């Protein structure tokens, strides 16, 4: 695919460095964009590829170009998205590697009538796409472009998949941690809001000489009338920003006290 490959000793040292670099995502804080740029750089340095690009799916499942080793690679990746066709999209959709040894072959041009000639115009003659996949979850795809027709060696393809898999694990781990932190924050916020609401109910019960069970409906009715969340009204009461008598004397209280209509 490429004109030059690293010498065996240089390649071995580079591979060790690359895998340590990718594995750092499992134990340390990292920037996803920086990680993916390093991934495409490692692929060009270590594999028989002239350029590399990478797409990652956003929260809606739409692919976005996140990294590229050259501007030509970035442009052809963007073209794939605009044309809605190409090896990177196919690898993402199928979860399988896409091997294309000759972009000028008639079968390739028939498969990607827009992408294949555009890739050739950008100076690419072959492309291999590797999905970023862990079991059934696919989060993107890595493209390896060649300036000459020909296959990527089996060894290089295995290395590309291993690097992509390591990066995928790191990204999914980061997403899992983020989701867990978000859920924890949401739970803590809910607990805090519940405590604030209980305090507000106590204030209303004391101010209006009411049974505390009757205050929730009053509190909710007042919030709905003012299009304000229950927790926000409770917080205003507890913080002294809202007088309990204002809530108790509000017409919304009468609505809260009405018995349900007979059926």
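The values are calculated or read from the model by the stated rules, or taken from the named source; none is laboratory data. All figures in this text were calculated on a predicted structure; none of them were measured in a lab. Using ideal geometry, Cβ is built from the backbone for each residue, glycine included, and neighbour counts are taken over all protein chains shown.
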Select from the range 68-104 the residues that are farther than 19 Å from residue 49 by Cα and either over 22 Å from the mean Cα position of the chain (by Cα) or in a strand (DSSP E or B) (or both) and list them in ascending order.
83
Unmet criterion (only one of (1) at pLDDT below 90; (2) touching a strand residue (DSSP E or B) at 6+ places or on another chain (Cβ under 6 Å)) for residue 14:
(2)
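Within the range 46-67, which residues are touching a residue at least 60 places away in the same chain (Cβ under 8 Å), outside any strand (DSSP E or B) and in contact with a strand residue (DSSP E or B) (Cβ under 9 Å, 6 or more places away or on another chain)?
Filtering the range 46-67 for residues touching a residue at least 60 places away in the same chain (Cβ under 8 Å) gives 46-57, 63, 66.
Okay, now just the ones that are also outside any strand (DSSP E or B), so 46-50.
Across the range 46-67, the qualifying residues are 47, 48, 49, 50.
Give 93, 111 a once-over and let me know the one that is modelled with pLDDT of 85 or more and surrounded by 15 or more Cβ atoms within 10 Å (Cβ to Cβ).
Numbers: 93 fails: surrounded by 15 or more Cβ atoms within 10 Å (Cβ to Cβ).
Going through 93, 111 in turn, just one is modelled with pLDDT of 85 or more and surrounded by 15 or more Cβ atoms within 10 Å (Cβ to Cβ): 111.
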What single numbered condition from (1) in contact (Cβ under 8 Å) with a residue 24 or more places away in the chain; (2) loosely packed, with under 14 Cβ neighbours inside 10 Å fails to hold for residue 131?
(2)
All conditions in (1) closer than 16 Å to residue 149 by Cα; (2) assigned to a loop (DSSP other than H, G, I, E, B); (3) within 27 Å of the chain's Cα centre (by Cα) are true of residue 129 except (2)
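For the range 240-251, which positions are surrounded by fewer than 14 Cβ atoms within 10 Å (Cβ to Cβ) and within 45 Å of the chain's Cα centre (by Cα)? Quick ask: steps written out before the conclusion?
Applying the first criterion (surrounded by fewer than 14 Cβ atoms within 10 Å (Cβ to Cβ)) to the range 240-251 yields 240-241, 243, 245-246, 249, 251.
Within the range 240-251, 240, 241, 243 meet the criteria.
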Could you grab the pairs with beta carbons closer than 6 Å, sequence gap of 6+ or different chains, first residue in the range 96-110 and on the phi > 0 side of the Ramachandran plot, second one surrounded by fewer than 20 Cβ atoms within 10 Å (Cβ to Cβ)?
none
Here the residues within the range 220-248 that are out of contact with any helix residue (DSSP H, G or I) (no Cβ under 7 Å at 6 or more places or on another chain) and modelled with pLDDT of 90 or more are 232, 236, 239, 240, 241, 243, 246
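Using the structure shown, decide if residue 43 is buried (at least 22 other Cβ atoms within 10 Å of the Cβ), in a helix (DSSP H, G or I) and at pLDDT below 90. Walk me through how you get there before you give the answer.
On the way: buried (at least 22 other Cβ atoms within 10 Å of the Cβ): yes; in a helix (DSSP H, G or I): yes; at pLDDT below 90: yes.
In short, yes.
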Would you mind stating whether residue 113 is in the same structural domain as residue 145 (by TED's automatic domain parsing), part of a loop (DSSP other than H, G, I, E, B), over 18 Å from residue 150 (Cβ atoms) and without any contact (Cβ under 8 Å) to a residue 60 or more places away in the chain?
yes
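Answer yes or no: is there a residue in the range 177-195 that is in contact with a strand residue (DSSP E or B) (Cβ under 9 Å, 6 or more places away or on another chain), modelled with pLDDT under 80 and farther than 30 Å from residue 126 by Cα.
First, the residues of the range 177-195 that are in contact with a strand residue (DSSP E or B) (Cβ under 9 Å, 6 or more places away or on another chain): none.
No, the range 177-195 has no match at all.
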